[in-house]
Amino acid sequence: MRPSAPFWVHGPPIAVPELSVLSSGTWIARTAYGAFVRYWDLIYILLTIVFCFVLGWTLRFAYTEDAPMYTGWRILNLETYDEDRLQLCTRSVACGSRIGHALTKTHRPLCFRLTVIYSRYVEGTIVFKRKYSEKIQYFDLSDITGSFDAAKFDSWISDVVQNAMTVPYGSVWNLWHLTLI
């Protein structure tokens, strides 16, 4: 039952000596909250907190997700509809060890990360899917004069895509491919 008079009529809450500072502070905060906020107003406060929490996490995941910049496919066999699908995603990330840079009090350099998602479809069913990612520092993409080296960037991208399309030894695709012989 809620008292009819506010808590300050009976005097301010007194910290109990056998309780710790944290629990005394919690008790004082709960007493003050109960005096100023009605019980049925709590639902609006909780809903606002939940809404802000969900909105914050949604924005965080939307911001940190890799941005797809290319999606393509090639048809290998028209009769059986065999195809390869390729998706390239990019993002700038900090690279280097967090601990190492924290100990030396230096900033971690920015890197360009390329993520390749490669899928192989045989007769309309997926038989192999791989997500492969590499990163390179922006400094490594410049030449001696400091300008952007497009040839180096193109060769790096082709190497990353080639590595992603290379089927690792012992995968399901290798086993399936051996049964066709």
Row for the stretch 79-136, column shape: gyration tensor on C-alpha, a ≥ b ≥ c, rounded if a/c < 1.5 i.e. under 1.5, prolate if a/b over b/c, else oblate; value prolate
Given Cα positions, please report Rg to Rh for the stretch 113-153, the hydrodynamic radius being the Kirkwood one. 1.29
Short version: ³J(HN,Hα) in whole Hz for each residue of the stretch 70-76, in order, from phi by Karplus 6.51 cos²θ - 1.76 cosθ + 1.60 (θ = phi - 60°), x for Gly and Pro, what are they? 8, 9, x, 8, 9, 8, 8
The stretch 60-167: GluC sites (Glu not before Pro) falling in loop per DSSP and having at most 10 other Cβ within 10 Å: 65, 79, 123
Only loop residues by DSSP count here, and only those with at most 13 other Cβ atoms within 10 Å; note down the trypsin sites (Lys or Arg not before Pro) in the stretch 33-94 that meet that. 38
Using a ≥ b ≥ c from the Cα gyration tensor of the stretch 51-149 (square roots of the eigenvalues), is it rounded, prolate or oblate, where a/c under 1.5 gives rounded and otherwise the larger of a/b and b/c decides, a/b for prolate? oblate
On a straight-distance basis, which aspartates and glutamates could pair with residue 135 in a cross-link, Cα separation under 15 angstrom, same-chain partners fewer than 8 positions away excluded? 66, 154, 159
Are there any chymotrypsin sites (Phe, Trp or Tyr not before Pro) in the stretch 44-142 that are in a DSSP loop and have at most 15 other Cβ atoms within 10 Å? List them by number. 81
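Values quoted throughout were computed directly from the atomic coordinates according to the rules given, and no laboratory measurement underlies them. Since the model is a prediction, treat every value here as computed from it, not as a measurement. Counting neighbours? That spans all protein chains shown, and the Cβs are built from the backbone with ideal geometry, glycine included.
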